[in-house]
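First comes the structure, then the notes that go with it.
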Amino acid sequence: TAPDSFLSKLTGLFASPAAENPTGPMVESAYRHAGLDARYMTCEVAPADLEHAVRGAVAMGWAGFHCSLPHKVAVIQYLDELAESAALIGAVNCVVIRDGRLIGENTDGQGFLTSLRRLVDPRGKRIVVLGAGGAARAIAFELALAGAGDLLVVNRDAGRGEALVGDLCERTAVRASVARWTEAFAVPAETEILINATSVGLFPDVEAKPDIDYDTLTPGMIVADVIPNPPRTAFVKEAQSRGCTAIDGLGMLVNQAVIGIRLWMGLDADAEVMRRTLTDIFGGPEG
Ligand code: NDP
């Protein structure tokens, strides 16, 4: 029998470069699994074309779209409204189009928190975040909103680290401090959660590990990586070999998409289906 409508629900990604981003096949596997007539278009959009892309999405009745580098801050000027964490973080990675209105969300940090919460509640915990870029910022704000105890931000570029910690202290109740990363970082013994939110270890530089003194890792620590490709980074392997409990970057990528799909479609997407699609793309769980 013919369907009632030949109009698919439309979503997608605006980024530059966009070609290596695996979100499209991941999200479409969840749409297919749910029997939803919906598409996710991965679009290479130059900074000068962002406004036209956003207006085009509205004109074509898209349900929403992801924004990746370099559009996460620039997109804000074209939106009607910001959700709480997007406003706090100052960046948007997910836009929802509802009745022609554009609402900016930041689901990166929320996706990370979903992964982390499967192992531990960050409330009151002593946490070290390596890095102070976009991913670190989103994660640090969500940890602060979730009631993290102490947050230590470790970054090479002192100005960037100080700016993040200044914003955290001004806008949230967390006790945040900054350390300049000039040599192998010794993880303080009382640390309960250690997060690599730098880009170190991303394909193709798969042997690289954040410069820390690995002898300072202790078996009780929870160690998380944001790098999705490869899923088992050298950092994750090293932490596991020292008895730490490790969380890979696939969880963050999958869970931020679960949140986005819920916002766009009102659908609880199957995280396992999306995770499997990614491990197939990245070459299996041994990564
Ligand atoms: P940014 O460029 O905004 O930030 C990069 C961060 O990494 C900075 O803090 C930078 O330090 C630090 N860094 C880079 N190289 C080194 C090095 N050799 N030693 C120490 N620190 C270093 O990038 P993003 O924050 O947007 O992204 C970071 C990573 O997070 C990416 O690899 C991306 O793949 C991943 N990511 C994963 C997501 C997921 O869903 N799993 C979602 C979003 C991002 P400095 O300031 O000193 O230059």
Within the under-11-Å Cβ sphere about residue 79, not counting residue 79, Lys/Arg +1 and Asp/Glu -1 give a net charge of -2
What is the sum of charges around residue 262, taking Lys and Arg as +1, Asp and Glu as -1, for the other residues whose C-beta is under 14 Å from the C-beta of residue 262?
-1
Rounded to whole Å², per residue accessible area for the chain with a 1.4 Å probe reads 45
Going residue by residue through segment 238-252, the Karplus relation 6.51 cos²θ - 1.76 cosθ + 1.60 with θ = phi - 60° gives ³J(HN,Hα) values, rounded to whole Hz and with x marking Gly or Pro, of 5, 4, 5, 5, 9, x, 6, 8, 10, 10, 8, x, 5, x, 5
Tally the DSSP beta bridges in segment 118-209 and give the antiparallel ones as a percent, rounded to 5.
5
Post the alpha-carbon centroid distance, segment 29-64 to segment 96-140, in whole angstrom.
22
Collect residues whose amide H, placed 1.01 Å from N in the peptide plane, falls under 5 Å from the amide H of residue 38; neighbours closer than 5 in sequence don't count.
9
Rg/Rh (Cα only; Kirkwood hydrodynamic radius) as it applies to the chain
0.98
Can you pull the one-decimal nm distance between simple spin-label points at residue 206 and residue 162, each 7 Å off the Cα toward Cβ?
4.0
Semi-axes of segment 99-177 from the Cα gyration tensor (sqrt of 5 times each eigenvalue, largest first, whole Å) come to 21, 17, 12
Those lysines that a straight Cα-Cα span of less than 29 Å connects to residue 9, excepting residues fewer than 8 apart in one chain:
72
The chain: antiparallel bridges as % of DSSP beta bridges, rounded to 5, reads 20
Need one number: nm distance between label points at residue 80 and residue 117, each 7 Å from Cα along Cα→Cβ, rounded to one decimal.
2.8
Output ordering of 272-282, 242-252 (per-residue mean of other Cβ within 10 Å, highest first) is 242-252, 272-282
Subtract the Cα-Cα distance of residue 69 and residue 4 from 0.36 nm times their separation in residues, and report this length gain in nm to one decimal.
19.6 nm
Carbon and sulfur atoms account, in whole percent of the 1.4 Å probe accessible area of the chain, for 50
For 167, 37, 99, 150, write out the residues from largest to smallest accessible area, computed with a 1.4 angstrom probe and no ligands counted.
99, 37, 150, 167
Points 7 angstrom from Cα along the Cβ direction at residue 237 and residue 60: gap in nanometres?
4.1
With Cβ to Cβ distances under 14 Å as the rule, what net charge do the other residues near residue 119 carry (K, R +1; D, E -1)?
0
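The values are calculated or read from the model by the stated rules, or taken from the named source; none is laboratory data. Keep in mind it's a predicted model, so treat the numbers as computed, not measured. Reconstructed Cβ throughout: ideal geometry from the backbone, glycine too, with neighbour counts over all protein chains shown. Side chains are part of the model used for accessible areas, which takes the heavy atoms of the whole protein and leaves out ligands, DNA and RNA. Shrake-Rupley method; radii C 1.70, N 1.55, O 1.52, S 1.80 Å.
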